[in-house]
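First comes the structure, then the notes that go with it.
The values are calculated or read from the model by the stated rules, or taken from the named source; none is laboratory data. The shown structure was predicted, so the numbers you read here are calculated from the model rather than taken from an experiment. Because the Cβ atoms are built from the backbone with ideal geometry, glycine has one as well, and the counts that use them run over all protein chains shown.
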Amino acid sequence: MRKIISLAAISLLIIGGWWIFLKPQDVAEQSNTTEGAAMVEVVLPASFTPQEQMGETAFNAKCAACHGINGAGQDGIAPPLIHKIYEPSHHGDMSFQLAAMNGVRAHHWPFGNMPAVEGVTPSDITNITAYVRAIQRANGIN
């Protein structure tokens, strides 16, 4: 009996943690928006480092068509990168590297799989990651 109660408690904690931390709440809130509309409001940092500026250029060329201006996402197209799901402790920098280079199966959002990004270099991705992380920090995502 004690094992059953313990398993039930652990299950509730896992489900509760998923609901609070991993459930993409913005998707449910944005279901009435126009396809392609920004999914989150993004606050930009006061300035960018030279590396982050290069990342912004590369992001605009390779990522913004799907992930939106400044990573705000596009309803019905691709998720926002400025979201707690992509905080460094959950999706580390290597996750961005691997997703861009190899593509990634959908696992948090209902947008389908992300294809590999054609023509993006490891250097581009490093700079893009620095740019995205700077915006995340400006939006309280650390």
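Under the condition of being assigned to a helix (DSSP H, G or I) and among the small types (Gly, Ala, Ser), which residue from the range 44-96 is surrounded by the fewest Cβ atoms within 10 Å (Cβ to Cβ)?
The residue in question is ALA65.
What are the pairs with Cβ atoms under 7 angstrom where one residue, in the range 81-96, is touching a residue at least 12 places away in the same chain (Cβ under 8 Å) and closer than 16 Å to GLY55 by Cβ and the other, located anywhere, is among the hydroxyl-bearing types (Ser, Thr, Tyr) and not in a loop (DSSP other than H, G, I, E, B)? Sequence gap at least six, or different chains.
Filtered contacts from the range 81-96: ASP93/THR129; PHE96/THR129.
Quick one: count up the residues across the range 74-94 that are of a type in the set (Ser, Thr, Tyr) and within 10 Å of the chain's Cα centre (by Cα).
1
Does the range 40-84 hold any residues that are under 19 Å from ILE141 (Cα atoms) and touching a strand residue (DSSP E or B) at 6+ places or on another chain (Cβ under 7 Å), and which are they?
Residues satisfying the conditions are HIS67, GLY68.
Considering VAL117, VAL132, which residue is at pLDDT 95 or above, out of contact with any Ser or Thr (no Cβ under 6 Å at 6 or more places or on another chain), surrounded by 13 or more Cβ atoms within 10 Å (Cβ to Cβ) and not in a helix (DSSP H, G or I)?
So the residue among VAL117, VAL132 that is at pLDDT 95 or above, out of contact with any Ser or Thr (no Cβ under 6 Å at 6 or more places or on another chain), surrounded by 13 or more Cβ atoms within 10 Å (Cβ to Cβ) and not in a helix (DSSP H, G or I) is VAL117.
Working carefully through the options ALA99, ALA106, find the one that is part of a helix (DSSP H, G or I) and of a type in the set (Gly, Ala, Ser).
ALA99
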